[in-house]
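Structure record follows, encoded as structure tokens.
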Ligand code: MGP
Ligand code: SAH
């Protein structure tokens, strides 16, 4: 009697187990299929967004996919980007990120700042926001148009004298307390060399650019590539007699090294003197 019952119980529990296993398997299959669909949807959605953003960059901003990575950093370049900032292709990859431009401005100490390669105004705007008088020069009339527009977005266009012209021709007639130099580095491929030597700067080598700036003032700030040859940069201070004070600063945005700034003359922080 007892034995029979035991058999019956065992048989029904076996059936129950079988049923449970089948139902678990069914659920596993259903879950896997659902995940597959969700993953597929996610990938398709991501591709769609990337495609749309690329199209937006090309159509709305009128720039090539070359500058896409800079567009994704647009709020680091100009915090007021959405208020009507305008750029061209060279402007996108050359503009100094706002956080760095603010640092440059803090180091000027007042008076008149000559922004010798002004571009779309990344630096000039921050100089003007510190209430300095700014002369912003660029050889490209389109850049000056864009810089005026961008300065208006920040409400500082009245503090800046915009000049379309060649810095090398203008240098000897300029007067200012600080000369700021952020010349072209030869485009985004600048980082492909392990050591960026000063002869690679455009439109002339770094020595010629520095000498032209010395006609204005010994207080010079130079924004340079992160892979720049630092011995050569320090060598610039020896073009003056006695040699200029010199300081080098690394510039990071969100933990990424973006460039190095050389400060000469009064803009450099003097090494602490031992008394
Ligand atoms: P980057 O190294 O080309 O970009 O420029 P990113 O995103 O740092 O590169 P990655 O290697 O991390 O992918 C960094 C910054 O250098 C730019 O935001 C500009 O401020 C400056 N910069 C770049 N270029 C090519 C020039 C240039 O030709 N002239 C000047 N003045 N600045 C430049
Ligand atoms: N600091 C600027 C970016 C400068 S990019 C910003 O934050 O927006 C370098 C600029 O130098 C370019 O706009 C280019 O047109 C300009 N340039 C090149 N040769 C020049 C010259 N001979 N005189 C003045 N500007 C020049």
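Read-outs throughout are calculated quantities, based only on the coordinates presented, and are distinct from any laboratory measurement. This structure is a prediction, so every number in the text was calculated from the model and none was measured. Cβ placement follows ideal geometry from the backbone for every residue including glycine, while neighbour counts extend to all protein chains displayed.
Highest mean first, the peptides 135-146, 82-93, 114-125, 219-230 sorted by other C-beta atoms within 10 Å per residue fall in the order 114-125, 219-230, 135-146, 82-93. Estimated from the Cβ-Cβ distance and a Förster radius of 51 angstrom, the FRET efficiency linking residue 168 and residue 47 is about 0.60. Centroid-to-centroid, using Cα positions, segment 217-256 and segment 117-150 are 22 Å apart. Which residues in segment 110-130 have a backbone N closer than 14 Å to a point placed 7 Å from the Cα of residue 158 along the Cα-to-Cβ line? Counting only backbone N, you get 129.
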